[in-house]
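Scroll down for the structure; my scribbles are underneath it.
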Amino acid sequence: MRNINQLSKLLFLVTILTLNSCSNNPEMKLSEAVLFPKPISLIETNSSFQLNEETKIVVTSDSKELVAAGNYLAELLNPATGFSLEAEVSSEKMNSNCIQLSISSLDAEFGKEGYILKIEESNVSLKASSVEGIIRGIQTIRQILPNEIESSNKVEQSWYLATGEIQDYPAYEYRGAMLDVARHFFGVEDVKRYIDLLAAYKLNVLHLHLSDDQGWRIEIKSWPNLTTHGGSTEVGGGEGGFYTQDQYKDIVAYAAERYITIIPEIDMPGHTNAALASYPELNCDGKATELYSGIEVGFSTLCTDKEITYEFIDDVVRELAAMTPGAYIHIGGDESHVTEIEDYIPFINRVQEIVKAHNKKVIGWDEIALADIKENTVVQFWAKTENALKGVQKKGKVLMSPAKKTYLDMKYDSLTKIGLSWAATIELDSAYLWTPETYVKGITKNDILGVESPLWSETIETIDDIEYMAFPRIIGHSEIGWTPAEKRSWEDYIQRLSKHTQRLKAMNVNYYNSNLLLEELK
């Protein structure tokens, strides 16, 4: 690892081994912990720390955020252990039997999400330059503990952490997932469940696809018929649904506690039939369309020549921006096949100005690179490499979501009972064996904001469906976004993942049990 003093590492190892020589704690190897994403640096010292009911979770300042992080750790540990741990504030030197969380200045490469975790027989120390890094390190503590720590009921056993030191930080600042709640609607608790699963693998963004031809899913108070009418159906003709503004704020706050940013998407000018059915004035002929519950794409468009269209967009963005503390609003822009290019380009240009006026940055699917995108606009590459390259040429950033590798709604193989296959079938090896900075010739690491795994929901109806299509592929994507390419290999990954299935079972995740996993377990 860059800038880590090798002598210091050696002295740390010798010191710990000396201290451990007369210990009664079980000998454990930190290298045998199954960690996702794979950390940058790991030194093991072959002993253990015992977590027990007397263990204290100590935070070194009364920062509200740091105390909340300590209590988040306690919430992860208490159900299975039966303990009543909670964070307490103390700036004094650690006593024995403590897990201490502290904010410290770390080298620049650690950034805001990096951390140093030092586990000794007497104490555990987790340091980061921000609370965000503490939250990422907490997930590592969680994974070092036995799989049974994921139980929602008390488990009668001893709890040990293998000793050593982990230094870790992400390769990319944006590591996300997208959930389409428009084709099929998913309630607040389902979204929170997904957020919790994303947090476990150090993902830090959830992009919510809130509108499409089949449904409008977010309350806009200045245009109420968007949800009362436009949100009343879904693919297959179900009852649909939508989030009230209070529910959306609740999702945003829940994600923020786990340092996950919510990015809302309102797709436009295409994928807009739910809006066009709700307000006839958004159509060029002034007539409302019929609600739609099929899965075809590319047939709808806002009327780009009408001023009311931009008043509508301004109202929607204004209300969304007021509820969304994150930096970005996603404007869609894909598959607008019936919008003439001479109308599409000025439309995207003007929508960018609207988003900017509400102090947000623009993300859009790669087609938006056809317009005059602003510097640092984010082009989400999903289909056309030429669009992604145009985005780079126009000084935009690229978010890597190649459909052939990251689309979680693609079937694993021809026998998968749900999902689609228009882009590819994506088995676990295909999902893992790619590198963002070499995937498109001409796009380098400096051009890439990060990686996102979209899950479109044409065939996805329940949280079990979400889990089945996302897991375990999204675990591989989380590692691609966090761990440098030179530290990753398929052989190592699939071995770890096969062992990790026991934890997925303990977490009650409805994962796809690939033959590739079963072969490793033989």
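The values are calculated or read from the model by the stated rules, or taken from the named source; none is laboratory data. These numbers were taken from a predicted model, which means no experiment stands behind them. We place every Cβ from the backbone using ideal geometry, glycine too, and count neighbours over all the protein chains shown. The area values use the complete protein model at the heavy-atom level, side chains included, leaving out ligands, DNA and RNA. Shrake-Rupley method; radii C 1.70, N 1.55, O 1.52, S 1.80 Å.
Solvent exposure of residue 337, expressed as accessible area, is near 130 Å², computed with a probe of 1.4 Å over the protein chains only. The phi-based Karplus calculation (6.51 cos²θ - 1.76 cosθ + 1.60; θ = phi - 60°) puts the 3J(HN,Hα) values of the range 67-80 at 4, 4, 5, x, 6, 5, 4, 4, 5, 6, 8, 5, x, 6 Hz, whole numbers, x for Gly and Pro.
Below 8 Å between Cα atoms, with a sequence gap of 6+, how large is the relative contact order for the chain in percent?
Answer for the chain is 13 percent.
Residues in the range 432-522 average 40 Å² of solvent-accessible surface per residue, probe 1.4 Å, ligands and nucleic acids excluded. For residue 356, the aspartates and glutamates whose Cα comes closer than 16 Å to its Cα, not counting residues fewer than 8 places off in the same chain, are 265, 311, 314, 315, 319, 372, 375.
By the equivalent-ellipsoid construction on the alpha carbon gyration tensor, the chain comes out with semi-axes of 43, 23, 22 Å, ordered largest to smallest. Heavy-atom surface analysis with a 1.4 Å probe gives the chain a carbon and sulfur content of 48 percent of its accessible area. Across the cross-link table entries 38/395; 202/499; 202/397; 64/361, which are compared at the Cα atoms, the separations over 24 Å belong to 38/395; 64/361. Under 20 Å of direct C-alpha separation, and excluding same-chain neighbours fewer than eight residues apart, residue 306 reaches these lysines: 287.
The Kirkwood hydrodynamic radius of the range 294-403, based on inverse pair distances between different Cα atoms, is 14.3 Å. With a Förster radius of 30 Å applied to the beta-carbon distance between residue 84 and residue 499, the computed FRET efficiency rounds to 0.45.
Charging the Cβ of each Asp and Glu at -1 and of each Lys and Arg at +1, and nothing else, the dipole of the range 284-404 about its Cα centre rounds to 760 debye. Within the range 57-140, all pairs of alpha-carbon atoms sorted by distance into 5 Å bins from zero give the percentages 3, 16, 26, 28, 19, 6, 1, 0. For residue 437 and residue 68, the difference between the fully extended length at 0.36 nm per residue and the C-alpha to C-alpha distance is 129.3 nm. Among the chymotrypsin sites (Phe, Trp or Tyr not before Pro) in the range 388-431, those located in a DSSP loop and surrounded by at most 13 other Cβ atoms within 10 Å of their own Cβ are 422.
Using Cα-Cα distances under 8 Å and only pairs 6 or more residues apart, what relative contact order does the range 364-455 have, in percent? For the range 364-455, the relative contact order is 27 percent. Of the trypsin sites (Lys or Arg not before Pro) in the range 345-451, the ones in a loop by DSSP (not H, G, I, E or B) with at most 12 other beta carbons within 10 Å are 395, 417, 441.
Relative contact order for the range 209-249: 37 percent, from Cα pairs under 8 Å spaced at least 6 residues apart, divided by residue count.
Summarising the label geometry, the points placed 7 Å from Cα in the beta-carbon direction at residue 299 and residue 414 lie 3.0 nm from one another.
With a cut-off of 18 Å on the backbone N, the residues of the range 355-385 near the modelled label site 7 Å out from residue 341 along Cα-Cβ are 365-373, 383-385. Subtracting the Cα-Cα distance of residue 221 and residue 515 from 0.36 nm times their residue separation leaves 100.9 nm of extension gain.
Per-residue ellipticity at 222 nm for the chain, helices alone: DSSP H runs ≥ 4 residues times -39500 (n - 2.57), over residue total, nearest 500 deg cm²/dmol?
Dividing the helical sum by the residues of the chain leaves -10500 deg cm²/dmol.
Relative to the Cα centre, what is the charge dipole magnitude of the range 94-139, using +1 at the beta carbon of each Lys and Arg, -1 at the beta carbon of each Asp and Glu, and rounding to the nearest 20 debye? Result for the range 94-139 is approximately 100 debye, rounded to the nearest 20. The trypsin sites (Lys or Arg not before Pro) found in the range 61-123 that occupy coil by DSSP, while having at most 10 further C-beta atoms within 10 Å, are 93.
Rounded to the nearest 20 Debye, what is the dipole magnitude of the range 409-522 about its Cα centre when Lys and Arg each give +1 and Asp and Glu each give -1 at the C-beta?
So the dipole magnitude of the range 409-522 works out to roughly 320 debye.
Gain on full extension, evaluated as 0.36 nm per residue between residue 93 and residue 288 minus their Cα-Cα distance, stands at 63.4 nm. Residue-wise HN-Hα couplings along the range 417-422, as the Karplus relation 6.51 cos²θ - 1.76 cosθ + 1.60 with θ = phi - 60° gives them from phi, are 7, 10, x, 10, 9, 5 Hz; Gly and Pro carry x. Accessible area per residue for the range 54-122, computed on protein heavy atoms with a 1.4 Å probe, is 48 Å². Compute the whole-percent fraction of alpha carbon pairs in the range 300-360 spaced more than 18 Å apart. It works out to 34 percent of all Cα pairs. Which percentage, to the nearest 5, of the DSSP beta bridges contained in the chain is antiparallel? Given both bridge residues lie in the chain, the antiparallel proportion sits at roughly 30 percent. Figure legend: label point modelled 7 angstrom from the Cα of residue 256 along Cα→Cβ; residues of the range 40-75 with amide N under 16 Å from it are 64-69. If you wrap the tightest convex hull around every Cα atom of the range 460-519 and split its volume per residue, you get 85 Å³.
Taken per residue, the accessible surface of the range 185-336 reaches 32 Å², heavy atoms only and a 1.4 Å probe.
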